[in-house]
Each structure stands twice: as structure tokens, then as C-alpha cells.
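First up is the structure itself, then whatever we jot down about it.
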Amino acid sequence: MAEPQLIVVSLRGSGTPLLAEAIGGLGYTPYGTMSGTQSVTGEPVAAGEVYPLLEAAYGSSRGAELLREDHGSLATAFETAVNALWRVWWRHLGQPVTLASPVDGALESRLLRIPGPDLKDLLPGRGCWYVNSLDPARADADFLRSWRAGGGPPVIFHHRDVRDRIISHIRFLSQPTAYIGTQPEDLVYHDILHALPDMDAKITLALTDPGFPGLHEARRSRWLLHHPAVHVITHEELAGPRLGGSTSARAQALARLGHATGQRRSAPPVPSPTTTTAPDTDAFTVGSWRAHFTPEHERLLRRSCDDLLTDAPGSGPAAPGKALGRVGV
């Protein structure tokens with residue numbers, strides 16, 4: 001039976017759009033950091049799937065009334081409840097939220113009182129929640145306890161060689177502000193990188209500034225590599241031959257995605273990133289760091305990020321659901 005909800009922890013610069021297209025092909029609507037970015041919107045909502053969220057957000061009486069009202073009123077109320085649920089999920093997963101929010105505070109408070117394990121049954125259809133990290137010290141304790149006991153959505157950890165991640169995220173932050181999103185640390189470092197003269201200086205900054213987005217998150221999410229219930233997928237596996245990977249590794253990774261989601265079928269082939277994922281193919285190419293890293297960058301990397309270059313435990317034959325080969329988290 002297909003899992004109704006998934007959690008994907010994808011480190012910044014790991015090529016998340018490539019993974020999101022594969023998961024979208026399995027019928028999952030993207031939320032969180034990938035919300036609204038994919039052309040695939042998941043499978044249609046089935047009859048009877050809307051009421052549980054309406055009841056949780058508005059109460060049983062008002063929820064039943066909404067089902068009898070005109071489509072416009074129902075759609076507005078449902079969208080309001082989904083926005084509140086999105087913020088509740090975000091908080092359960094330990095992600096930063098703003099104090100002021102357009103989300104209805106009363107709805108959010110009501111949904112916050114719902115135990116974490118029950119959240120997965122409120123969203124109609126299939127949903128996949130994307131976050132950049134999952135720090136056990138910041139995530140909701142009850143949510144983690146329940147997940148550990150098998151009461152939460154499957155967790156997929158997606159990562160990539162740290163050097164390629166740095167280059168990819170520098171490219172992302174060097175775009176015009178309109179393409180970056182709203183995460184405050186990304187906006188701050190966009191301005192910092194914009195003031196630097198060249199890629200050499202930008203890589204040096206990323207390797208010497210402990211606050212550069214992504215590196216601290218990678219360290220705090222490292223536990224995901226070792227937990228037996230986490231499904232690990234690397235960008236190197238998903239890349240395929242066009243992006244410096246292999247056909248067999250991609251096929252195995254897509255099959256593991258199908259298994260992780262409780263579906264017998266594998267995820268469909270990942271489209272070329274030159275079409276729907278991103279115009280910058282180099283940002284998705286395995287080993288693209290080699291064109292930019294100097295010997296001095298390698299020295300800085302070893303000094304500041306040596307712990308992020310270690311191999312996975314037992315990196316010979318991988319355990320079921322674990323990634324093969326070099327980690328480079």
C-alpha cells in the first residue's frame with residue numbers, strides 16, 4: 001500500500017529538483033522547500049478525503065456545514081486549513097517560522113494540538129514534505145518518538161558530495177533575488193556573494209564562514225545516514241549517464257524510491273534537467289566541483305569540512321535502503 005505522506009531531508013545543493021521529479025512521478029504533491037515548484041501535482045483527491053482536515057481545523061459541526069456550501073466557500077476554507085497544516089508540519093519538523101504569519105492563528109493552534117502521528121492522515125492525497133535538515137534537537141520530541149516507533153511517515157535522506165553541494169548552492173545564491181525564495185539566510189548570503197569578485201572568492205567564503213548555509217545543517221542531519229529506518233538516496237545515484245552517473249545506479253535508486261513509498265512500481269525515469277528541472281545543467285553534473293576547486297580550496301576543505309568527507313559506515317555492501325559508495329555528506 002502506498003504511503004500517504006513522505007518526509008524528504010535534502011541537503012542544500014544536493015539537486016533536490018531531480019529527486020522531486022521522481023517522487024512526483026509516483027503521485028506525491030511537493031510541500032515545504034519544494035512547494036509549488038513541480039509541474040507534477042500528485043494524484044487527484046478522492047471523495048471523503050477532504051472532511052478529516054475540515055473537521056480538525058473547524059470542528060465537526062462547521063466542517064459538515066462547509067461540505068454543503070458552494071464550491072468557492074469550501075475551496076477557500078480548505079485552502080486556509082491546508083496553509084495552517086503546512087505551518088504545523090513545518091514546526092513539527094523543527095524548521096524556522098516567522099512570528100507574524102498570514103495563516104489563521106486559531107486554526108494553527110487547533111492543529112498544533114493534534115498528535116504528530118495523526119497529521120499524516122489529515123492531508124488528502126499523497127504529500128511529500130521537503131526540508132533542508134532534520135535536527136533531532138529542534139524537531140518535535142513526540143513526533144520523533146512516534147516516528148521511531150513506526151508511527152510516522154517514511155523519511156528519505158538525500159545528499160551529495162559536499163564539494164558539488166557547495167558549488168551548486170553558490171550558483172543558486174548567485175541568481176537574481178526573485179529566484180532564491182524567502183529563507184532569510186539565503187537572502188543574506190546572496191548579498192554577500194554578490195559583493196565578491198569571482199567564484200574563487202565565493203568558494204573560499206563557503207569553506208571559511210561557519211555560517212554559510214548548508215554545512216551546519218549537514219552536520220546536524222548526519223544521524224540520518226546511520227538510522228536503520230531512513231532510506232538514503234544520493235544525487236550521484238540519481239544523476240544517470242547524462243549527468244555523470246550510470247544507468248544501473250539510477251535504476252536501482254528509482255527502485256528503492258518505489259520501495260520506500262510502499263509501491264511495487266519504481267519511480268519513472270527522471271527527466272533531463274535541461275528541460276523541466278533547471279537551465280544550468282552543470283549544477284546537476286556529478287563532479288562539477290573539479291572545474292572550480294583549486295589546491296588551496298582543497299586544503300581549506302580538509303581543514304574545515306574533513307568530517308563531511310568521511311565514508312559511510314560499512315561502505316562495502318550497503319544495508320537495505322542505504323546508499324552505495326562515497327558519502328560526502
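The values are calculated or read from the model by the stated rules, or taken from the named source; none is laboratory data. Everything numeric in this text was worked out from a predicted model, so none of it was measured. Here Cβ is always computed from backbone atoms with ideal geometry, including for glycine, and neighbour counts include all displayed protein chains. Remember, those area values only see protein heavy atoms, side chains included, never the ligands or the DNA or RNA. Shrake-Rupley method; radii C 1.70, N 1.55, O 1.52, S 1.80 Å.
Conditions tested, residue by residue: (1) at pLDDT 60 or above; (2) open to solvent by less than 40 Å² (accessible area, probe 1.4 Å).
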{"position": "T234", "(1), (2)": "yes, yes"}
{"position": "P241", "(1), (2)": "yes, no"}
{"position": "A251", "(1), (2)": "yes, no"}
{"position": "L254", "(1), (2)": "yes, yes"}
{"position": "P279", "(1), (2)": "no, no"}
{"position": "E298", "(1), (2)": "yes, no"}
Task: Residue in region 182-205 that is closer than 19 Å to D307 by Cβ and not in a helix (DSSP H, G or I) present - done: no
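Would you pick out the residues in region 212-225 that are open to solvent by 40 Å² or more (accessible area, probe 1.4 Å) and touching a residue at least 24 places away in the same chain (Cβ under 8 Å)? Even if it seems obvious, please write down each step before you answer.
Looking only at region 212-225, we keep the residues that are open to solvent by 40 Å² or more (accessible area, probe 1.4 Å), and these are 216, 219-220, 222-223.
The answer is R219, R220, R222, W223.
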- [ ] Check off (1) more than 21 Å from Y28 (Cβ to Cβ); (2) touching a Pro at 6+ places or on another chain (Cβ under 6 Å); (3) basic (K, R) for R148 and give me the number that stays unchecked.
- [x] (2)
Open item on the list: With over 13 Å from L123 (Cβ atoms), modelled with pLDDT of 85 or more and in contact with a Leu (Cβ under 9 Å, 6 or more places away or on another chain) as the only criterion, which of L53, L18 stands out?
Closed with: L18
Task: Residue satisfying all of: in region 261-277; surrounded by 17 or more Cβ atoms within 10 Å (Cβ to Cβ) and in a loop (DSSP other than H, G, I, E, B); modelled with the lowest pLDDT among these - done: V270
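When you look at G94, is it under 29 Å from A22 (Cβ atoms), open to solvent by less than 60 Å² (accessible area, probe 1.4 Å) and at pLDDT below 85, yes or no?
Numbers: under 29 Å from A22 (Cβ atoms): yes; open to solvent by less than 60 Å² (accessible area, probe 1.4 Å): yes; at pLDDT below 85: no.
Judged against the criteria, G94 is not a match.
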Open item on the list: So in region 138-180, with the set limited to residues that are among the small types (G, A, S) and farther than 30 Å from G258 by Cα, which one is most open to solvent (accessible area, probe 1.4 Å)?
Closed with: A178
- [ ] Output the residues belonging to region 84-134 that are more than 21 Å from P52 (Cβ to Cβ) and touching a Ser or Thr at 6+ places or on another chain (Cβ under 7 Å).
- [x] Y130, V131, N132, S133, L134
